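A.B. asks: Here's a structure for you.
The values are calculated or read from the model by the stated rules, or taken from the named source; none is laboratory data. Please read all numbers here as calculations on a predicted model, not as lab measurements. Please note: Cβ atoms are built from the backbone with ideal geometry, for glycine as well, and neighbour counts cover all protein chains shown. Side chains included, ligands, DNA and RNA excluded: accessible areas come from the protein's heavy atoms. Shrake-Rupley method; radii C 1.70, N 1.55, O 1.52, S 1.80 Å.
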Amino acid sequence: MSPRRVRAESDAVGRQDRPLRITVDGERVDGIAGQTIAGVLLAADRPAWRRGRSGAPRGVFCGIGVCFDCLVTVGDERDVRACRRRARDGDVVTTQTRQSASDLPRDPETVSSPQSETAQEPAPGAQGNAKSSGSGER
């Protein structure tokens, strides 16, 4: 699969391009009506637009909405599969990252009590050899 668009002058079908523009992380990106958000990003030479927990770049993997590697936020809607959502002129897209809750910045107004801070501290006299929970990214 090539991320390049078919140019109008070499299109044997004779499609009429209707341009559109979306904003991705504050950057304007041009596309063609009918393209998915992933298609617009690929055509703009952006093969990856988020990172997994390991830090590995992620973009389109399956291209049919099964793998969830291409998740973005469109407007206020989180976890939109970019390979399934057609781009609309004026869409505001924000890329996502897969971070664990402990890695995210905290809002002091949402912290419920000081107990939540101390609940993660080891009990006095406890040894620091806790095992991994095994819930890492596969």
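A.B. asks: Is there a residue being of a type outside the set (S, T, N, Q), touching a Leu at 6+ places or on another chain (Cβ under 6 Å) and touching a residue at least 12 places away in the same chain (Cβ under 8 Å) anywhere in the range 23-35?
C.D. replies: Yes, the range 23-35 contains at least one residue that is of a type outside the set (S, T, N, Q), touching a Leu at 6+ places or on another chain (Cβ under 6 Å) and touching a residue at least 12 places away in the same chain (Cβ under 8 Å).
A.B. asks: Need a quick list: strands (runs of 3 or more DSSP E) entirely within the range 48-138 having at least 2 residues that are open to solvent by less than 80 Å² (accessible area, probe 1.4 Å), more than 23 Å from Asp30 (Cβ to Cβ) and at pLDDT below 50.
C.D. replies: Per the criteria, no element qualifies.
A.B. asks: Give the range 8-47 a look and list any residue that's assigned to a strand (DSSP E or B) and of a type outside the set (A, V, I, L, M, F, W, C), or say none.
C.D. replies: Matches in the range 8-47: Pro19, Arg21, Thr23, Glu27, Arg28, Asp30, Gly31, Thr36.
A.B. asks: Kindly check whether there is at least one residue in the range 46-65 that is in contact with a helix residue (DSSP H, G or I) (Cβ under 6 Å, 6 or more places away or on another chain), among the hydrophobic types (A, V, I, L, M, F, W, C) and without any contact (Cβ under 8 Å) to a residue 24 or more places away in the chain.
C.D. replies: yes
A.B. asks: So, one more: In this structure, is Val29 in contact with a strand residue (DSSP E or B) (Cβ under 6 Å, 6 or more places away or on another chain) and among the β-branched types (Val, Ile, Thr)? Step through it out loud before you land on a result.
C.D. replies: Numbers: in contact with a strand residue (DSSP E or B) (Cβ under 6 Å, 6 or more places away or on another chain): yes; among the β-branched types (Val, Ile, Thr): yes.
Yes.
A.B. asks: I want to confirm something. Restricting to the range 6-32 and keeping residues that are open to solvent by 40 Å² or more (accessible area, probe 1.4 Å) and among the hydrophobic types (A, V, I, L, M, F, W, C), which single residue is modelled with the lowest pLDDT?
C.D. replies: The extreme case among them is Ala8.
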